[in-house]
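This report concerns only the one structure given below.
The values are calculated or read from the model by the stated rules, or taken from the named source; none is laboratory data. Note that the structure is predicted; figures quoted are calculated from it, not measured. Quick reminder, even Gly has a Cβ in these numbers, built from the backbone with ideal geometry, and neighbours come from all protein chains shown.
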Amino acid sequence: MQLVAASHPEGCTVVALDVTSRKAGELSLGRRNEELARQVTEAEEQLRVGLAAVGRRERQLSEIFGSALDAIVLLSPEGKIVRFNPAAERMFGWSSQRVAGQPITVLVPVRHRLAIRQDLRRAAIHGCVHISTLPPRMAMRADGTEFPVEASFARTGEGATACTVAFIRDVTERVEALRGMVENWRALTDFFDAAPLGLLWLRPDGEVERVNDAELEILGRPRSEVMGQRLDAFHVEEGGIAGLLSGVASGETLLNRRFQVRRPDGSLRHVLIDANGSWRERKLTHCRFYVRDITPRVDLEREVLAIAEREQERIGRELHDDLCQQLTAIEFMSESVAGRIAGRDSRVARELREISGLLRSASRQTRDIARGLSLNAVLHRGGLAAALKDFAQRIRKMYHCRCRFTNQTEVVIADPLLCTNLFRIAQESVANALRHGRATRLELVLAEGGGDLVLKVVNNGRTLRANKGSGMGLRIMRYRAGVIGGRLELVPRARGLAVVCTVTDAITVARGRALVS
């Protein structure tokens with residue numbers, strides 16, 4: 001309460017006023033002033049902290065701006081250079097003060113300036129634009145030299161504070177490395193295509209993914225007929241290429257595998273194939289085939305064999321027609337002389353008759369040898385089966401062992417090349433069995449199965465030398481089998497060995513040529 005007194009002549013007047021609400025208002029105002037002062041103090045502290053953080057950020061950004069390895073260029077909305085970092089100074093050869101205020105087009109060749117303006121407009125619309133190195137965008141140094149760059153433009157801020165930041169990287173080393181890779185690829189491609197050896201790049205299923213010119217020449221087909229096709233479609237041997245692929249898939253490196261290629265004109269090419277695989281993370285990605293055309297060599301070897309056969313034929317005829325006749329004549333002369341002197345000197349006559357017997361035996365052996373050398377006469381009489389039958393008889397007579405021939409075919413095989421090589425394989429097999437295996441029982445079998453012709457020579461002798469697979473006789477047999485498109489196998493038995501030569505489709509071809517007897 002507040003009292004107010006006033007005096008006058010008649011006395012004194014006292015007025016009492018209630019000021020409670022005013023005092024409450026004064027107290028509330030004081031508390032508000034104190035809260036406002038506290039809030040001002042807190043705001044000043046936050047402002048101080050914020051300014052300190054901004055300062056730290058500015059210092060961090062300045063450090064990043066200054067230490068960045070890539071060029072950073074700050075541009076005004078008009079595309080003029082505001083700020084250059086040290087990396088940009090080193091990259092372009094301009095000082096920050098010298099380039100400030102100039103348009104960014106001073107950093108690019110004249111032919112690229114329209115493109116850089118378009119990049120800036122796209123950055124203003126989309127906020128960010130990236131320029132890759134394919135094809136490389138060229139920049140220009142202060143001295144006018146050009147170099148490839150990769151750049152990004154980022155638009156920041158709005159209105160008066162808007163600006164564009166350009167991040168530029170010198171990709172000279174990358175472009176040079178890429179060019180080197182391209183040159184290497186071109187060189188390897190040229191090497192692949194121009195190689196004199198047939199080269200094939202196959203998928204694991206045998207589909208041709210890449211082929212060079214030499215292989216196309218071997219196949220006798222244009223590239224369009226080979227790409228995307230399975231390689232076994234061009235080879236005679238059914239399942240042969242699949243076997244190679246299977247071997248490669250199992251991790252093998254295959255060498256000197258012999259195959260025949262059938263060309264569109266019906267001719268055959270003889271090839272040797274080496275094969276291995278290309279692997280990635282233990283998974284087969286491609287099969288690599290290296291193909292050598294050995295057709296000229298095969299033709300030459302066939303001619304050499306033919307010459308050898310003709311020479312054997314000539315020697316056989318001379319043995320039969322000349323030496324045998326001379327031995328027979330000497331035998332008759334010995335018998336005649338023995339008859340004339342029998343009464344006068346019985347001992348000399350007896351010795352002459354012994355000589356005559358030896359001459360007779362030598363004559364028979366010479367005839368047998370001549371028959372073995374002169375194969376054509378026997379072949380002309382009854383084909384391969386007749387020659388093998390006659391051979392088995394001579395073996396029984398000459399070596400006093402059991403030798404039997406069994407013919408299980410219905411076709412007379414009379415092809416001279418096929419007959420000659422199969423007969424010589426049988427001869428060599430028997431000779432090995434008698435000479436090295438000490439065999440006492442032999443069996444020659446001529447059979448057919450599924451259109452294939454099969455020759456088997458089975459013996460009961462030892463098989464150590466044959467199983468080694470390194471003898472000259474075995475190599476010759478394998479070669480003869482290859483000449484006629486066959487395969488030779490050695491099959492061990494409980495007692496002895498079976499030499500098996502299989503010629504694919506020989507029976508089918510014989511029937512097609514009307515050679516059925």
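Figures for the structure shown
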item	result
Condition met for A142 (at pLDDT 85 or above and within 11 Å of V73 (Cβ to Cβ))	no
Filter result for V106 (over 30 Å from L245 (Cα atoms), touching a strand residue (DSSP E or B) at 6+ places or on another chain (Cβ under 6 Å) and β-branched (V, I, T))	no
Count - residues of the stretch 413-446 that are closer than 23 Å to D505 by Cα and surrounded by fewer than 16 Cβ atoms within 10 Å (Cβ to Cβ)	2
Selected residue (only one of R122, R186, R137, R117 is touching a Pro at 6+ places or on another chain (Cβ under 8 Å) and not assigned by TED's automatic domain parsing to the domain that holds V271)	R137
Among the residues listed as E173, E207, the single one being over 23 Å from V298 (Cβ atoms), surrounded by fewer than 15 Cβ atoms within 10 Å (Cβ to Cβ) and modelled with pLDDT under 90	E173
Top-ranked residue in the stretch 447-473 [being of a type in the set (S, T, N, Q) and either at pLDDT 90 or above or at positive phi (or both); ranked as surrounded by the fewest Cβ atoms within 10 Å (Cβ to Cβ)]	N460
D193 vs. criteria outside any strand (DSSP E or B) and in contact with an Asp or Glu (Cβ under 7 Å, 6 or more places away or on another chain)	yes
Some residue of the stretch 204-212 being in a strand (DSSP E or B) and farther than 12 Å from F289 by Cβ	yes
Selected residue (criterion: nearest to A494 (Cα to Cα)) from residues of the stretch 436-457 that are touching a helix residue (DSSP H, G or I) at 6+ places or on another chain (Cβ under 6 Å) and not hydrophobic (A, V, I, L, M, F, W, C)	H436
The stretch 117-139, subset among the β-branched types (V, I, T) and more than 23 Å from E173 (Cβ to Cβ), residue modelled with the highest pLDDT	I125
Residue that is nearest to F391 (Cα to Cα), among those in the stretch 426-464 that are among the polar types (S, T, N, Q) and part of a loop (DSSP other than H, G, I, E, B)	T440
Breaking point among (1) touching a residue at least 60 places away in the same chain (Cβ under 8 Å); (2) over 29 Å from P77 (Cα atoms); (3) surrounded by 15 or more Cβ atoms within 10 Å (Cβ to Cβ), for I168	(2)
Residue match in the stretch 94-101 (condition: of a type in the set (K, R) and modelled with pLDDT of 85 or more)	yes
The stretch 402-425, residues that are within 25 Å of G482 (Cβ to Cβ) and in a loop (DSSP other than H, G, I, E, B)	Q408, T409, V411, V412, I413, A414, D415
Qualifying strands (runs of 3 or more DSSP E) (wholly inside the stretch 216-315; at least 2 residues being under 19 Å from the mean Cα position of the chain (by Cα) and modelled with pLDDT under 90)	254-262
Odd one out for L36, checked against (1) at pLDDT 75 or above; (2) hydrophobic (A, V, I, L, M, F, W, C); (3) under 30 Å from A154 (Cβ atoms)	(3)
The one condition in (1) among the polar types (S, T, N, Q); (2) crowded, with 16+ Cβ neighbours inside 10 Å; (3) part of a strand (DSSP E or B) that S334 fails to fulfil	(3)
